[in-house]
Each structure stands twice: as structure tokens, then as C-alpha cells.
Amino acid sequence: MAKFDTLIKNGTVASESGVVRQDVAIKDGRIAALGENLGEAAETIGATGLLVLPGGIDSHVHIAQASAPGIVMADDFESATRSAAFGGNTLVMPFCMQEKGKGLRQALKEYHAKAAGQCYVDTSFHLVISDPSESVLGQELPALVADGYTSFKIFMTYEALKLNDREILEVLSVARETGALVMVHAENDDAIRFLTERLERAGKTKPAAHALSRPIVVEREATHRAISLAELIDVPVMIVHVSNRQSMEEIARAQGRGLKVYGETCPQYLLLTEQDLEGQDMEGAKHVCSPPPRDEASQAACWEGLEQGIFAVFSSDHCPFRYEDTAGKLHPRGRQSFRFVPNGIPGVETRLPILFSEGVKKGRISLERFVELTSTNHAKTYGLYPRKGTIAVGSDADIVLWDAERRVTISRAVLHDACDYTPYEGREVTGWPVLTMVRGRVVVRDGKLMGAKGFGQHLPRERSPFAAPLGRLVTEFEPAGRLG
Ligand code: URP
Ligand code: ZN
Ligand code: ZN
């Protein structure tokens, strides 16, 4: 009998710490050996001329999430995880969203039911806390963190989701007590509502006004406030989907002061600008997301954040709504005002090619940094390392074979999600995944789906060291408990 199940031969293996020509041997879904002349395997996959990368981990995706009445997200778990696999991802982290008035256990039951038997790649839910009631804070969250749901997202905007500062402090306290990591959507909702009403009164109701209703200062102020509240409690925090220099500098300043403040940016902030919200009729709706895309100077700032390590992770914020659909971007109310256009754009399949092409190929980031930003740091930040996010003996065999020279013109026709457009239509990228393997099983090979629906598992996670408090209090009084 062969010693290994699979041997990936003659590839160039890239991890966060180096790039080496070596073979990868796989047994029982895990990486069993690395090196040369490893021995026989039942199956050999040739990787000459290809990069062998840890599978992409996208720690910020929205799948089958409940939206406003009459609005339906384009992707269910089947189509989103299929698209993720074609894009070189082996794990995605969607949100399980609590609805106000309901409990988190109830929400988890519903989201697990939607995902059950549907996924091509592994998944792990973050919890969105929209209603931090006493029972949620005191009972549900501590029990759920113990069950492996070790990250929460909170929102400072959106009517149905936003928390006030007091509520944010309560959630941050629970995070400190339980060892969970809090992700923050930082935009000042009162300012947005004020601006939205004024814009509407001035007749500015088209999608382009979305950017005017959420200017940089709105994001920068909320970023500063979220960091300050986290500092007050002495708890780490992740600021997600950062779009501009001022917000990034808030994060960098906090990091400079030694605080455990992390940042995330996304492809839309590297490639799109607010001009993409213009266009004929409602075309701009295709690019409505929050925070909105900014300008070229903001794009340059986001690149700096990626290059300099201010951002720990690069995620897609995949949040797809069909365009030609009255339950999507063309909901009739969206024609009355931009405020009713659903926020979010697709991107789970194009995240890796965009960063590789614009980042590695153009010499902005190294291959090692690419691996960190798209895989390793997601696993480390959210309590899955070293099981996920690296090519090392003992880790899950989540592997992508990457053709660094393949040129692809991104278009709707080459993608596999259930949306009817891509914000990156017509853009050429160099570098494309040619094989995606999850726990030793090939899911996509040469543009063909090989995996079985339902093979993807939901993963409970450890508490991440990234979430451990610093132990630095702002006064001698400790307002929130510490993990014992
Ligand atoms: O516009 C966006 N980003 N929609 C997704 C929801 C969120 O805030 O992440
Ligand atoms: Zn958000
Ligand atoms: Zn999001």
C-alpha cells in the first residue's frame, strides 16, 4: 500500500515565512511530509511551474444573510462556497446575524440549517450582535465562545444592527471576559442619517450620493471611537473594511502606542473609486457598499497599509445582490433614494487574483506577505492556526496550486457565484488558481468542479492569542473581568 494518499510534486511551496521548491505529501486529509523523495502515493499531482499555496481564507463574507424586507442576497451557501473554491479559497467565515429581539442560539440554528449539506469548502461563523440583551451578554455569549464561536461583529451603523457606545462597551467587556475577538464596522450612524436626509432634500437621490452620505470623516471618527472604547476596556479589536488613509492612521497610531488594534481592507478599496457609483441610470448601484470606495489617494493609502503591516488581513466583504433584480440592487425603492439600495458587492472569487496581480506581480508585496494577508493571518487572528493557514506537517491539506503567469480577464462569464455582475468586469489579472484542495480532496481542478456539495465542514475555533488583553488599564480600576 502507498505510504501517502497524495503527492504534490515539483511545485514551489510558499508560506508566510518562505518560498521553497519541495513536494507535499498528504495522508488522511493532512500534510504528512514536506521535502524531496518522500515516497509513493496513491495519486500524484504534478505542480511543475506552479506555486503551492495554503488555501485562501476569507474571514469576511456574507452568505444568505437576512436583509431588508423584499431584498434577497444573491448567494446561498452552495453558490458562495463554490465560488470561493474556484477563487482558491478553502475556508470562508460568514456571519450569523442576530435579529433584534431574538437570541443568538436561535440565529445559529437558522444559519446552520441554511449551510447544512451545502458547502464545498470549510466554514466558520462569526456572530453579529445586534441586540446585546442581558441574556445575550450574560449567558449566550459566554457559552457560545466556549463552543468555538470566538469572534463577534458589531455595527456602528445600519438601523437594524447598530449599537450605541454603551452597548459597544458591554459587548467589548464580554469579549474581554471570554477571550473573543470583536470586529467593528466603524461608521457614525447619526452623521450618516443627517447627511442622508439633507442629500435627499437637495434632490440628490442617485447611487452616487451614497458616497456623499458616508464621507471619510464619518468612518474616521467611528474608527477613533471604537479604538478608544476598546482601550478603555483593555481589549483587542479588529476594524474591518477600512477604506482610506485617515481611518488607517487611527489604527496605525493605536498600534504605535502598543495597542492590539488590527485592521482589514478589501479589494474594492484598492480598485474602485466613488466615480464607480456614477454611471447611467442606476448602474452605480453595482458599486454601493459601505464604507464606499473613495479616491486614488485612498487606494494608495490602503496599499501602504498592506505593505507596511498596518492591515493584518485582506478580505473580500463578499456581500452579493443581483443587479437586474427587484429583490436586489434594482429594488424599486432604490430608485427613490440611494438609502434603499442594498449595501454590498460580490468578490469572494476575485480576491486572491486581484491581490496577486496588483500586489505581487506589480512588486508591491512579496509572495510571503500575499500568503499572510490572504490566508495565514486570517487563521491566526481567528483561532484556527496552525490547523489552517499554512503548509506545514500536521496542518490540514488545504492547498491551492497557483499559475502565476495565467492571464484572465475578469468577467461575469468566468465566475461561479450567483450574482449577475462583477464590479471588476473587464479587468485583466495575472495569476489564477488552477487547483483547490480542501483537507486533501480536490474541489476544483482546471476550471472544473470536482468536489462534493456537503464536504465543507463547519469549524469551531480556539480563542485567538490576538484576542488576549494587553493588561494595560487606563486607570487603576479594571472595569471588565479577565479571562481566568
Ligand atoms: O456594504 C457592505 N459592506 N455590506 C456588507 C455588510 C457590511 O457592513 O459588512
Ligand atoms: Zn461591515
Ligand atoms: Zn461585511
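Ligands, DNA and RNA aside, THR6 has an accessible area near 10 Å² when probed at 1.4 Å. For LYS286, a cut-off of 21 angstrom between C-alpha atoms picks up these lysines, skipping any fewer than 8 places away in its own chain: LYS204, LYS206, LYS329.
In the chain, the longest principal axis of the Cα atoms and the axis of helix 216-233 are about 80 degrees apart. Using only side-chain charges placed at the Cβ, +1 for Lys and Arg and -1 for Asp and Glu, the dipole size of the range 232-335 relative to its Cα centre rounds to 340 debye.
Computed from Cα positions, the angle between helix 165-178 and the longest principal axis of the chain comes to roughly 30 degrees.
Spatially, the range 102-128 and the range 142-219 are offset by 22 Å when compared through their Cα centroids. In the full protein context, the range 412-474 carries 47 Å² of accessible surface per residue, based on a 1.4 Å probe and ignoring ligands, DNA and RNA. Would the range 1-149 count as rounded, prolate or oblate if I go by the C-alpha gyration tensor, calling it rounded below 1.5 in a/c and otherwise prolate when a/b exceeds b/c, oblate otherwise? Note, shape of the range 1-149 comes out prolate.
ALA392 to ALA468: extension gain in nm, 0.36 nm per residue of separation minus the Cα-Cα distance?
24.9 nm
Counting only Cβ charges, +1 for Lys and Arg and -1 for Asp and Glu, the dipole size of the chain around its Cα centre is about 280 debye. Pairs from the table (LYS100/LYS153; LYS9/LYS453; LYS3/LYS448) lying more than 22 angstrom apart at Cα are LYS9/LYS453; LYS3/LYS448. Projecting the Cα atoms of VAL313, LEU330, LEU355 onto the charge dipole of the range 298-363, computed from C-beta unit charges around the Cα centre, puts LEU330 farthest toward the positive end. Each peptide in 239-251, 14-26, 405-417, 135-147 receives the mean, over its residues, of other Cβ atoms within 10 Å, and ordering these scores from highest gives 239-251, 14-26, 135-147, 405-417.
First compute the accessible area of the range 270-358 with a 1.4 Å probe, then give the percent of it belonging to carbon and sulfur atoms.
Roughly 40 percent of what the probe reaches on the range 270-358 is carbon or sulfur.
Here the contact order of the chain, divided by its residue count and restricted to Cα pairs under 8 Å and six or more residues apart, works out to 23 percent. Cross-link candidates for LYS388: which lysines have Cα within less than 17 Å, leaving aside residues fewer than 8 places away along the same chain? Counting by Cα, and skipping residues close in sequence, LYS388 has these lysines nearby: LYS27, LYS380. First obtain the Kirkwood hydrodynamic radius of the chain from its Cα pairs, then insert it into the Stokes-Einstein equation at 37 °C and 0.692 mPa s, and state the resulting D in µm² per second as a whole number. D, rounded to a whole number, is 146 µm²/s. Name the residues of the range 200-234 whose amide N is less than 14 Å from a point 7 angstrom out from the Cα of ARG257 along the C-beta direction? Only 223-234 fall inside the zone, counting backbone N under 14 Å. Cβ-Cβ distance of SER366 and ASP76, R₀ of 30 Å, FRET efficiency by 1/(1 + (r/R0)^6): the value works out to about 0.25.
The values are calculated or read from the model by the stated rules, or taken from the named source; none is laboratory data. If you're wondering where the values come from, they're calculated on a predicted model, not measured in any experiment. All Cβ positions, glycine included, derive from the backbone under ideal geometry; neighbour counts span all protein chains shown. Ligands, DNA and RNA are stripped out before the accessible areas are found, and what is left, the full protein with its side chains, is counted by its heavy atoms. Shrake-Rupley method; radii C 1.70, N 1.55, O 1.52, S 1.80 Å.
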